[in-house]
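*Asks:* Just dropping this structure here.
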Amino acid sequence: MLHEREEEEEEEEMDKQQQQQQESRSSSNKKVDLGVIATWVKKHASLYEAATRHPFIESIRNGTVDLSSFRRWLGQDNIFVRAFVPFAASVLVKACNETDDSSDMEVILGGMAALNDELAWFKKEASKWGVTLSAIVPLAANVGYCSFLKSLMSSEVEYTVALTAFWAIEAVYQDSFAYCLEEGAETLEELKETCYRWGNDDFGEWCCTLEERANRRLQMASEDVRKKAEAVLLRVLELEVEFWDMSRVGI
Ligand SMILES: Cc1ncc(CNC=O)c(N)n1
């Protein structure tokens with residue numbers, strides 16, 4: 001444990017050096033700085049990759065996906081999104097209370113509008129796959145993730161921390177499903193609509209805008225809030241891995 005901690009500290013030291021180098025380069029020849037979020041994604045690359053290149057996603061991309069796994073994921077995700085809507089609303093409320101800049105509110109509201117379509121889409125998609133949504137019971141990983149969302153809705157959780165979580169949750173899906181639509185992917189035709197829902201370019205751009213808004217807040221946050229935001233990002237990535245793992249139950 002002690003050894004791990006030392007390694008972590010060394011890593012942190014290296015991060016600082018890298019960032020300083022980057023900053024000095026950026027002032028000399030206008031190279032763009034990595035934002036706080038991109039720095040964290042780089043630092044935790046293996047966990048980020050576990051969340052966005054999970055075997056379930058790889059199986060969608062290479063066309064070998066087990067369709068009963070896909071159905072299970074669909075039913076569970078519908079439950080998750082129903083819990084995600086009030087979480088998104090709580091981030092919106094925090095934005096309205098805490099930020100000086102109404103652009104945040106607009107970006108978050110844009111995300112909520114997409115969630116409205118998404119709920120309708122789940123109903124349609126479920127009937128296409130013969131999944132009865134009302135009969136589905138949330139599995140343990142889903143219950144855990146939804147209660148984590150609930151904990152983030154508390155007014156004790158800083159806006160910047162909640163905004164970072166919002167970005168991470170959306171970005172994992174965007175990155176994962178865009179990967180299934182890349183050139184050379186062998187995604188089955190009947191799964192492309194699902195991949196397109198999160199993998200499309202407009203949603204990709206929206207995620208980039210959300211990332212910029214979160215970076216702006218993280219940059220002006222205290223060290224304490226930044227630490228909390230990083231921890232929440234890691235927790236989201238772990239929960240996403242567990243969520244994908246659920247699709248494999250019983251196969
Ligand atoms: C488990 C999980 N994570 C992220 C998303 C994407 N956000 C809203 O749709 C999702 N649908 N499900």
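*Asks:* Where residues in the range 146-179 are within 11 Å of A229 (Cβ to Cβ) and more than 16 Å from the ligand (Cβ to nearest atom), which of them is most open to solvent (accessible area, probe 1.4 Å)?
*Replies:* It comes out as E158.
*Asks:* Continuing with the same structure: Go over the candidates A83, A126, A51 one by one and state the one that is farther than 23 Å from L181 by Cα, assigned to a helix (DSSP H, G or I) and not hydroxyl-bearing (S, T, Y).
*Replies:* Working: A126 fails: farther than 23 Å from L181 by Cα; A51 fails: farther than 23 Å from L181 by Cα.
Result of the check over A83, A126, A51: A83.
*Asks:* Checking C208 against (1) surrounded by fewer than 16 Cβ atoms within 10 Å (Cβ to Cβ); (2) part of a loop (DSSP other than H, G, I, E, B); (3) hydrophobic (A, V, I, L, M, F, W, C), only one condition comes out false. Which one?
*Replies:* All conditions pass for C208, except number (2).
*Asks:* Moving on. Confirm whether I108 is of a type outside the set (S, T, Y), part of a helix (DSSP H, G or I) and either open to solvent by 60 Å² or more (accessible area, probe 1.4 Å) or more than 11 Å from the ligand (Cβ to nearest atom) (or both). I'd like the intermediate steps shown before the answer.
*Replies:* On the way: of a type outside the set (S, T, Y): yes; part of a helix (DSSP H, G or I): yes; either open to solvent by 60 Å² or more (accessible area, probe 1.4 Å) or more than 11 Å from the ligand (Cβ to nearest atom) (or both): yes.
Yes; evaluated as a whole, the condition is true for this residue.
*Asks:* Going by what's in this entry, would E182 be described as at pLDDT 95 or above and within 16 Å of the ligand (Cβ to nearest atom)?
*Replies:* No; evaluated as a whole, the condition is false for this residue.
*Asks:* Applying the selection to the range 205-230, what residues are within 22 Å of S176 (Cβ to Cβ) and away from the ligand (no atom under 11 Å from the Cβ)?
*Replies:* The initial filter retains those residues of the range 205-230 that are within 22 Å of S176 (Cβ to Cβ), namely 205-215, 229-230.
Listed by number, the residues that qualify are E205, W206, C208, T209, L210, E211, E212, R213, A214, N215, A229, E230.
*Asks:* Give the residues of the range 99-126 that are of a type in the set (D, E) and either farther than 16 Å from E211 by Cβ or modelled with pLDDT of 95 or more (or both), sorted by residue number.
*Replies:* D100, D104, E106, D117, E118, E125
*Asks:* Of the residues E190, E242, which is within 11 Å of the ligand (Cβ to nearest atom), open to solvent by 50 Å² or more (accessible area, probe 1.4 Å) and at pLDDT 95 or above? Explain how you work it out, then say what you get.
*Replies:* Working: E190 fails: within 11 Å of the ligand (Cβ to nearest atom).
After applying the criteria, what remains is E242.
*Asks:* Quick check: anything in the range 130-144 open to solvent by 70 Å² or more (accessible area, probe 1.4 Å), within 13 Å of the ligand (Cβ to nearest atom) and of a type outside the set (D, E)?
*Replies:* Yes: the range 130-144 contains one or more residues that are open to solvent by 70 Å² or more (accessible area, probe 1.4 Å), within 13 Å of the ligand (Cβ to nearest atom) and of a type outside the set (D, E).
*Asks:* I need every pair where a residue in the range 123-140 that is basic (K, R) has its Cβ under 8 Å from the Cβ of a residue that is part of a helix (DSSP H, G or I) and at pLDDT 95 or above, sequence separation at least 6 or different chains.
*Replies:* Pairs that qualify, where the first residue is basic (K, R) and the partner is part of a helix (DSSP H, G or I) and at pLDDT 95 or above, are K123/L133.
*Asks:* If the requirement is being assigned to a helix (DSSP H, G or I), of a type in the set (S, T, Y) and modelled with pLDDT under 95, which of these qualifies: S59, S27, S46?
*Replies:* After applying the criteria, what remains is S27.
*Asks:* Looking at the range 177-200, is at least one residue under 12 Å from the mean Cα position of the chain (by Cα), more than 23 Å from W129 (Cα to Cα) and not β-branched (V, I, T)?
*Replies:* No, every residue in the range 177-200 fails to be under 12 Å from the mean Cα position of the chain (by Cα), more than 23 Å from W129 (Cα to Cα) and not β-branched (V, I, T).
*Asks:* Further question on the same structure: Can you list residue pairs whose Cβ atoms sit under 6 Å apart, with the first residue in the range 198-217 being in contact (Cβ under 8 Å) with a residue 40 or more places away in the chain and the second being crowded, with 16+ Cβ neighbours inside 10 Å and not in a helix (DSSP H, G or I)? Count only pairs 6 or more apart in sequence or on different chains.
*Replies:* Cβ pairs passing all conditions: N215/G35.
*Asks:* Could you list, in sequence order, all residues of the range 75-89 that are touching a residue at least 60 places away in the same chain (Cβ under 8 Å), more than 15 Å from the chain's Cα centre (by Cα) and more than 9 Å from the ligand (Cβ to nearest atom)?
*Replies:* Hits for the range 75-89 are G75, I79, P86.
The values are calculated or read from the model by the stated rules, or taken from the named source; none is laboratory data. Keep in mind that what you see is a predicted model, and the values were worked out from it rather than measured. Note: ideal-geometry Cβ built from the backbone for every residue, glycine included; neighbour counts use all protein chains shown. We work out accessible area using only protein heavy atoms, side chains counted, and drop any ligands, DNA or RNA first. Shrake-Rupley method; radii C 1.70, N 1.55, O 1.52, S 1.80 Å.
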